[in-house]
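K.L.:
A single structure is presented below for examination.
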Amino acid sequence: MHKHEHHEHRGHSRQPDRESAPLSNRRRLAWVFALTAFYMIAEVVGGFLSNSLALLSDAGHMLTDVASIALAMFALWFSSRPATSKKTYGYLRLEILAALANGVTLVVISLLISYEAWQRLKTPQTVQGFEVTVIAIGGLVVNAISAYLLHSASSANLNMRGAFLHVISDMLGSVGAIIAGVFIWQFGWTITDPIISVLMCLLIIFSSWQLIRESLNILLEGTPSHINIQAVIEAMMQVRGVLNVHDLHIWTINSGNDALSAHVAIEENASYKGTLESLQTALRSKFNIGHVTIQIELLDENEPSKLYQIIGKSASELHH
């Protein structure tokens, strides 16, 4: 059997963008870090003075924000280190590990706050509603600025999305604290404080689950959620000269950097170079997969089992 292997990386023309993006993201994170750390201290002081769980929970989320943003900044810096003979992909996966850590932290903090809220439902405590409202409004403004700084980078980078979700969770906490503060201030309904805290925690857990699931999928080398593997096979089979696609694997190295490897059987008179170029073009244009490793094969007449077409088979059969 004749074989030819080709391995293509992303084009050099895109390298400047890949280098400048982390620098821009680090600047955004630095500003958010400074804003969050400053107002976190104000909310901790205000929460203790007013005895508000909603305000302290918001400050607690801000504390996790400070840690998560610091982790995100470290991951961006460390992941930019060059690849070595022992780390052939470099340290790109640190971004995904940071995103996973941020998602898990949000869930743990929310569960702890929910437990404290349950204790307060059983034993209500006096809360200074006016002070809560004023401080929470300030927190909302700070979080809104931070969310604006991170929003544009959150869609393309899972690590940045983790930091963005922390800020959004703080915004929800600030809104909840404002609502609780107004009800306590105007009507004396102290029970509003723990109830609002629990509702905010449930929303935060819900939003964090997607981040955790995506991070785990990448770490487990799962097929990227935005890619339909059946559509990839069909696109490859449409390339002229391709007879069969097998041993297909698609995974994510880090955010926005998907990779593919496959064995492709071609017609005996088909051009190796032409077929490879057509496959790479199709995968890049239709699925934005730029890191491609394809092994070209001629079908072996002594192995009729390889003469099947993969189209129509389940994803679990792709590994056989």
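K.L.:
Based on the alpha carbon coordinates of segment 119-233, what radius of gyration and maximum Cα-Cα distance (Dmax) apply, in Å?
P.N.:
Using the Cα atoms of segment 119-233, the pair Rg, Dmax is 18.7, 63 Å.
K.L.:
Right, something else. Give the Kirkwood hydrodynamic radius (Å, one decimal) of segment 15-219, defined as one over the mean of 1/r across all pairs of different Cα atoms.
P.N.:
Computed over segment 15-219, the radius equals 17.4 Å.
K.L.:
Let me ask something else. How big is segment 61-149 along each principal axis, measuring the range of its Cα positions in Å and listing the largest first?
P.N.:
Answer, in whole Å and largest first: 61, 29, 13 Å.
K.L.:
Between SER285 and ARG213, what's the calculated FRET efficiency when r is the beta-carbon distance and R0 is 30 Å? Round to 0.05.
P.N.:
Efficiency at R0 = 30 Å is approximately 0.60.
K.L.:
Across segment 198-207, in residue order, what do the Karplus-derived ³J(HN,Hα) couplings come to in whole Hz, using 6.51 cos²θ - 1.76 cosθ + 1.60 with θ = phi - 60° and x for Gly and Pro?
P.N.:
Ordered by residue, 3J(HN,Hα) equals 5, 4, 5, 5, 5, 5, 5, 4, 4, 6 Hz.
K.L.:
Here's another thing I want to ask about it. What is the gain in length, in nm to one decimal, between MET237 and LEU49 on full extension, counting 0.36 nm per residue of separation less the C-alpha to C-alpha distance?
P.N.:
Length difference between fully extended and current span is 60.9 nm.
Only the coordinates and a few stated rules stand behind these numbers; no lab work does. Note that this is a predicted model, so its numbers are computed, not measured. Heads up, the Cβs are rebuilt from the backbone with ideal geometry, glycines too, and the neighbour counts pull from every protein chain shown.
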